[in-house]
Every structure is written in C-alpha cells, then in structure tokens.
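Participant: Below you will find the structure I want to go over with you.
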Amino acid sequence: MFTKSLLKLSLIPAAALILMTTDASAGSRQRNFLFQTGNGTTGQVSGTVNRSAGHATGSFTGSTSNGGGWTRNFDRSYDPATKSWSQTGQVTTNSGKTYNYSGSGSCTPGAGCSSSGGVTGPNGKTVTHNGTVQATGNGGWQTNGTWTGPNGQTATRSGTGQYEGNGIFDSNAQWTGPNGNTVNTQHWIQITPAQ
C-alpha cells in the first residue's frame, strides 16, 4: 500500500518539474499538459500560473482516463541569488481526499539540484522525501530520491528523463519498496502553452 500511494503521488513532483521549465517572465500564463503512463493511462491537466519577481502561484485541474481527478494549488518562492526555492501546496482528489505538501531545494551550477519535503494525507500521516536531480546533457536528467513513510518504512526511486522537443518530456524510473520489490514506471508529458 505504501509503494502504491507513492506511485499515485509521483505526478506531483512531475508537475512541479514541468512548472519550473515554463516561461519565467512575470504575468499570468495558461498551461495545458497531456500525459501518459507506462500502463496506458492517459490524462490532462490545465490551469494558470501567476508569476512575479521571485514568486509564483497556480491552480490546476487534472483528470485521467480511468476516472481519476484532482485540483492542485501551489505557492512557490525563488531566490535567484542563492538559487533556492520553497513551496507549499494542496491537492484535492475528486473523491474529496486532501493532501498538503511543502518542500524546499537549491541548485549548484554544474552539480545539480537537491530537494526535500513532505506530503500529509487525509489521515494526518506524513510521507517525507529527499531527492537529487542532475542534468546529463542534451536535455536529459537523472534523479534519485528516498521516500520515508510515517512508520519509518522507505522506498527509493531512481530515474532518468529526456526533453524530446515540442514541449514533450519522457521519464523512466524504478521504485524499490520497503519489502525490496521493484516497480518500473514510465511517464510522457507534453506542455501546451495557451496561444
């Protein structure tokens, strides 16, 4: 159950990654995303990002081909001098369950980025996360992360990703659960800025 919950939450960091790659100029921008997972589930997300110097807020609504749905709101601050950020947010599923999250991170030129944070579910229990991402050249990246559950059980994630052009990102990952079992995941995401 712990690993299955992490797989459901994996779209949250994916969405955060995509939001950081969008146009950083000030103002309001409509963003639309299409995605597909390795098991064939497809979905779409749309919403608005409002930017000002060092700050962004946003609200998104998403749905999947298997009937899932959610709304997501976030508030993120960025300090260009230290190349660090912090964010808070909330995801509410179409079944009425609410997940609150917060996190922070920083980047070092040439060495990549690191982040940490946590997600608190509707039962009040928290899962924490620590991770790193590093560019591998030509639009590619490599990630490693550890998720720790409320009872101390851990799951690790190791993955790679690639920007394919035309707003398309591919990523692959292997999750290893607290029992040692592994699950491989694949995501395809396309960003469509509003015209």
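Participant: Condition check: in a loop (DSSP other than H, G, I, E, B), closer than 28 Å to THR57 by Cβ, out of contact with any Asp or Glu (no Cβ under 8 Å at 6 or more places or on another chain) and of a type in the set (S, T, N, Q). Does ASN123 satisfy that?
Facilitator: Considered against the rule, which asks whether it is in a loop (DSSP other than H, G, I, E, B), closer than 28 Å to THR57 by Cβ, out of contact with any Asp or Glu (no Cβ under 8 Å at 6 or more places or on another chain) and of a type in the set (S, T, N, Q), ASN123 comes out as yes.
Participant: THR132 versus (1) assigned to a loop (DSSP other than H, G, I, E, B); (2) at pLDDT 95 or above; (3) closer than 25 Å to VAL49 by Cα: which is the lone unmet condition?
Facilitator: (1)
Participant: Exactly one condition in (1) within 26 Å of LEU34 (Cβ to Cβ); (2) within 14 Å of the chain's Cα centre (by Cα); (3) among the β-branched types (Val, Ile, Thr) is not met by THR93; state its number.
Facilitator: Exception for THR93: condition (2).
Participant: Part of a loop (DSSP other than H, G, I, E, B) and more than 26 Å from VAL45 (Cα to Cα) - does that describe any residue in the stretch 86-104?
Facilitator: no
Participant: With the requirement that a residue be modelled with pLDDT of 85 or more, under 16 Å from the mean Cα position of the chain (by Cα) and either at positive phi or buried (at least 19 other Cβ atoms within 10 Å of the Cβ) (or both), what does the stretch 11-36 give you?
Facilitator: Passing the criteria: ARG31, PHE33, PHE35.
Participant: Of all the residues that make up the stretch 141-195, how many are free of Cβ contacts under 8 Å to residues at least 60 places away in the same chain, assigned to a loop (DSSP other than H, G, I, E, B) and surrounded by 16 or more Cβ atoms within 10 Å (Cβ to Cβ)?
Facilitator: 1
The values are calculated or read from the model by the stated rules, or taken from the named source; none is laboratory data. Note that this is a predicted model, so its numbers are computed, not measured. We place every Cβ from the backbone using ideal geometry, glycine too, and count neighbours over all the protein chains shown.
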